1. Treat each spin label as a single point 7 Å out from the Cα along the C-beta direction, and report the Thr69 to Glu254 distance in nm.
2. Could you work out how far helix 121-134 tilts from the main Cα principal axis of the chain, as a 0 to 90 degree angle to the nearest 10?
3. Any chance you could give the angle, 0 to 90 degrees and rounded to 10, that helix 232-254 forms with the longest Cα principal axis of the chain?
4. Taking 0.36 nm per residue of separation and subtracting the Cα-Cα distance, what length does fully extending Asn293 through Thr111 add?
5. For the chain, what does -39500 (n - 2.57) per DSSP helix run (n ≥ 4), summed and divided by total residues, give at 222 nm, in deg cm²/dmol to the nearest 500?
6. Going 7 Å from the Cα of Thr220 in the Cα-to-Cβ direction, what parts of the range 153-186 have a backbone nitrogen less than 17 Å from that spot?
7. Helix 311-331 sits at what angle to the longest principal axis of the chain, using alpha carbons and giving 0 to 90 degrees rounded to 10?
8. Take the Cβ-Cβ distance between Thr308 and Leu41 as r, set R0 to 25 Å, and report the resulting FRET efficiency rounded to the nearest 0.05.
Amino acid sequence: MVTFLQQLRVDWPTTSKRVATEALRTRALADLSPSCDRGTLPPGALGRVCLKEVVEERGHRAGYDPNLTNCLVTEDLLTVLAELQEAVQHWHEDTSQGLAAASDAGTSSCTVVHVVNCEDEFQQQKLDLLWWKLDDQAPLIQKHLVCGPVKVSSSPGTLTAPEYYELRHAQVCKASALKHGKDIVQEPAWTDIFGVLSVATIKFEMLSTAPQSQLLLALTDGSISTKGTKSGTFVMYNCARLATLFESYKHSMEQGLYPTFPPVSSLDFSLLHDEGEWLLLFNSVLPFPDLLNQTAALACTAPGRHVTTRTEMVCKFLVQLSMDFSSYYNRVHILGEPQPHLFGQMFARLQLLQAVREVLHTGLALLGLPPLSHI
């Protein structure tokens, strides 16, 4: 799974292969229930720790399963806890102010989000509480993002995450070869582009469904196309079209065909009277700040254990933006004839599309995707 996340360019906390568990083991042995009969414990188990008192002491009843009473402490569980400790330590080291400032701020400055599937939520809550029980420096804020199951439609076998990535990557290469010719697959300049398109395809496919809902993957390559209006490839294609548009204007300006871009205050936006222009403005540019307020941050300060994310809102917004832009771009000639009486409308349109481009780039950044300049 770590390899899959790295392929998706996700900055996921990692730890060394071997982590020290001696301190946690010592603390666990000291806190084991005295009535625990060691002879009844399964192999590898050290004993049981009462978690109910941790919930009561911390005052965090909301969101915890009421059946959380005791936890069986095993060697594997201590290893997982040690990995969490190391990940938090790395977070402190990576902060711009360094360890000293981080230690001054205390563990409250760090928020841990446990991303867990619905089947393992109960066990993850145990791990959360056990961390508090055995580590005085455990982060004060721990939240749980519960994700639904991922299934593959019409597939009797199993598919690993790396195999899924390789499948989508092969489909992206195939679709690009059909569009531009088979030779581009061998060109080094296209290697990074194929990688970004593969990541975009997977992220839009997975994040277009609410995280807590079941995700059903269709493995066919029918949607891997720049014309498939619901795919990440389509969004990236229109991102590249915007880049090409502004590059064309810059090139023409350098040749003396167009003047330099005037100050925004001098533009006459009343020249924007096409319906597609108003769709872009009122459906995309103006509502975007509200979308950011709803989706850009986890509600980690809200009461309770659980957090919700609205990744599907970001994906749907970017797809709709791309559809509106594509329709407008295919119908309206943005860079008109180099005639002075046409420059006013051209610059107003370019300014609008500059705002559209900034919205698109920011939305892609929320999903961890870089903009493409050409496809």
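Bear in mind these aren't lab numbers, they're just calculated from the coordinates by the rules spelled out. Here the structure is a predicted model, which is why all the values come from computation and not from measurement. Counting neighbours? That spans all protein chains shown, and the Cβs are built from the backbone with ideal geometry, glycine included.
1. Each label point lies 7 Å from its Cα, and together they span 7.5 nm.
2. Relative to the chain, helix 121-134 is tipped by roughly 60 degrees.
3. Between the helix axis and the principal axis of the chain, the angle is about 40 degrees.
4. Extra length available between Asn293 and Thr111 comes to 63.6 nm.
5. Mean residue ellipticity at 222 nm (helix-derived): -16000 deg cm²/dmol.
6. The answer is 153-156, 168, 171-172, 175.
7. The two axes meet at around 10 degrees.
8. For Thr308 and Leu41, the calculated efficiency is 0.10.
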